[in-house]
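Structure record follows, encoded as structure tokens.
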There are 2 protein chains.
Amino acid sequence: MLDQIRIVLVNTSHPGNIGSAARAMKTMGLSELYLVSPEQFPDPKAEEMASGATDVVANAVVVETLEEAVGDCTLVVGASARSRKIPWPLLAPREMAVKVAGEPVNSHTAIVFGRERSGLTNEELQACHLHIQIPANPDYTSLNVAAAVQIVAYELRIASLNEASYADEWDYRLATAGEMELFFTHLQEVLIELQFLKMNAPRKLMTRLRRFFLRARPDVMEMNILRGILSSVQLIERR
Amino acid sequence: MLDQIRIVLVNTSHPGNIGSAARAMKTMGLSELYLVSPEQFPDPKAEEMASGATDVVANAVVVETLEEAVGDCTLVVGASARSRKIPWPLLAPREMAVKVAGEPVNSHTAIVFGRERSGLTNEELQACHLHIQIPANPDYTSLNVAAAVQIVAYELRIASLNEASYADEWDYRLATAGEMELFFTHLQEVLIELQFLKMNAPRKLMTRLRRFFLRARPDVMEMNILRGILSSVQLIERR
């Protein structure tokens, strides 16, 4: 999916922003960059800001007009900060990314970002199938163009990933309920030996400790350490 | 929700990145910035890159250590690019944002970003309750620090817009990061007295205990009970 996406920057003033946008793209797995009439390009500042994404900058295609940049694309999306007089299909970046993920295999999507100060013109916006608006702070909507590319590229990457299964990465299995009960018995025994827990004391204390350790869900290694601590307290206590 | 979030930048080399991060924050409605030992700050380059977010830069709090930056926070999240030898709770930025939206009303969350080249140290990562990893292109994970702040702030904003205010009902407030550190110091002291922890033993044991108790997130009542148990072990041990 990410190979079918083109980022288009229109009339960018600062070459540093081209470099930053290229870096943002590459971190998210995008590589196809078109530049419509950039004010200053190529430029060493673009290379510098690209950091390790100089390949994206080097392969950038420079064209004169937006039509040249998007002519072969089947879906053209325009990034817009303003709401328009004539309503246009408008999506949040997340919805747009889901839509792009559902595009046919051989299609090509362009996502178009405007000038640093003034964004895209009405005419340019009207060359797009749909618009996206990044839900920024209404008191300060001024996203840097590379920052906008970063967010949009991030949403595209997330949509392209099936499921990130972070949860499964752990070195030991969690303690079973039975192991937890053995631990609580051991803990209570030690607390009574320490006279920290008095037999006539409110049961609340053990209840709070149960809640705490159940919430924590120790793995078996952690459980071994906790049991080991309890045992070494007993050794000292009984000597 | 966004008022309860602090962005912490550790040891930032380039003042321009501080400005860009401030701008990224403000576009998403975040305003609280802490700087841990920045290499060059204040600096005109920070102002310049902040664009209209110079207020965020002007109000930034500069501290010497990470502990000062997060000590009063009840949830500390570390941004990590690498996977660790000892796994730590790891979320995607989106899951983390949903979690933060569910935090109790009076809590404060810190999100910690590391150095431009090397990120956060293991010790710094082990001061965090959980880690986030931005799902970047495995062939080029090098996100600029301000770009990482932009993505995380964006997810926090989206989560705050969706916030159904299902914050947990709980009877005591959660322990702060500073209270957790005092507990770890006390725990280590007791474990050494018990000779459970040998001075020449691998540091892994304390690391696993840190991870366990940070994951459990004790409230202040539970913290008092745990500290009480430690003290009563010391009484027995020293008699």
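Being surrounded by 15 or more Cβ atoms within 10 Å (Cβ to Cβ) and modelled with pLDDT of 95 or more is true of residue B:187.
When residue A:93 is tested against (1) over 20 Å from residue A:33 (Cα atoms); (2) surrounded by 23 or more Cβ atoms within 10 Å (Cβ to Cβ), only condition (1) is not met. The residues of segment B:20-39 that are closer than 23 Å to residue A:17 by Cα and without any contact (Cβ under 8 Å) to a residue 60 or more places away in the chain, listed by number, are B:22, B:26. Filtered by the rule that a residue be surrounded by fewer than 17 Cβ atoms within 10 Å (Cβ to Cβ), out of contact with any helix residue (DSSP H, G or I) (no Cβ under 9 Å at 6 or more places or on another chain) and not in a loop (DSSP other than H, G, I, E, B), segment A:52-75 gives A:62, A:67, A:68.
Taking the criterion of being more than 27 Å from the chain's Cα centre (by Cα) and without any contact (Cβ under 8 Å) to a residue 12 or more places away in the chain, the only residue of segment A:54-78 that qualifies is A:71.
Residue B:81 meets the conditions (1) of a type outside the set (S, T, N, Q); (2) surrounded by 15 or more Cβ atoms within 10 Å (Cβ to Cβ); (3) free of Cβ contacts under 8 Å to residues at least 40 places away in the same chain in every case but one. The failed one is (3). Picking from residues in segment A:114-124 that are at pLDDT 90 or above and not in a loop (DSSP other than H, G, I, E, B), the one that is nearest to residue B:155 (Cα to Cα) is A:119. Number of residues in segment B:184-234 that are without any contact (Cβ under 8 Å) to a residue 24 or more places away in the chain, facing another protein chain (nearest Cβ under 8 Å), part of a helix (DSSP H, G or I) and over 19 Å from the mean Cα position of the chain (by Cα): the value is 6. Just one of the numbered conditions (1) at pLDDT below 95; (2) away from chain A (no Cβ under 14 Å) is not true of residue B:111: (1).
Quick one: which residue in A:37, A:20, A:51 is more than 10 Å from chain B (Cβ to nearest Cβ) and not basic (Lys, Arg)? First the steps, then the outcome.
Values: A:20 fails: more than 10 Å from chain B (Cβ to nearest Cβ); A:51 fails: more than 10 Å from chain B (Cβ to nearest Cβ).
Answer to the selection: A:37.
Taking the listed residues B:45, B:99, the one that is part of a helix (DSSP H, G or I), more than 10 Å from chain A (Cβ to nearest Cβ) and modelled with pLDDT under 95 is B:99, with no other qualifying.
Matching residues to (1) basic (Lys, Arg); (2) touching a Leu at 6+ places or on another chain (Cβ under 7 Å); (3) assigned to a helix (DSSP H, G or I):
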| position | (1), (2), (3) |
| --- | --- |
| B:34 | no, no, no |
| B:39 | no, no, no |
| B:50 | no, no, yes |
| B:77 | no, yes, no |
| B:81 | no, no, no |
| B:85 | yes, no, no |
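Within segment B:153-166, one or more residues are within 23 Å of residue B:91 (Cα to Cα), among the acidic types (Asp, Glu) and modelled with pLDDT of 90 or more.
Please determine whether any residue of segment B:121-134 is within 11 Å of chain A (Cβ to nearest Cβ) and more than 19 Å from the chain's Cα centre (by Cα). It would help to see each step written out before you state the result.
Going through segment B:121-134, the residues within 11 Å of chain A (Cβ to nearest Cβ) turn out to be B:130-134.
Imposing the further condition that a residue be more than 19 Å from the chain's Cα centre (by Cα) reduces the set to none.
No, there is no match, as no residue in segment B:121-134 is within 11 Å of chain A (Cβ to nearest Cβ) and more than 19 Å from the chain's Cα centre (by Cα).
Total residues in segment B:66-87 satisfying the condition of being out of contact with any Ser or Thr (no Cβ under 8 Å at 6 or more places or on another chain) and within 21 Å of residue B:177 (Cβ to Cβ): the figure is 10. Counting the residues of segment A:8-23 that are of a type in the set (Gly, Ala, Ser) and under 10 Å from residue A:149 (Cα atoms) gives 3.
The values are calculated or read from the model by the stated rules, or taken from the named source; none is laboratory data. The structure presented is a predicted model; accordingly, all values stated were derived computationally and were not measured. In this analysis, Cβ positions are derived from the backbone assuming ideal geometry, glycine residues included, and neighbour counts consider all displayed protein chains.
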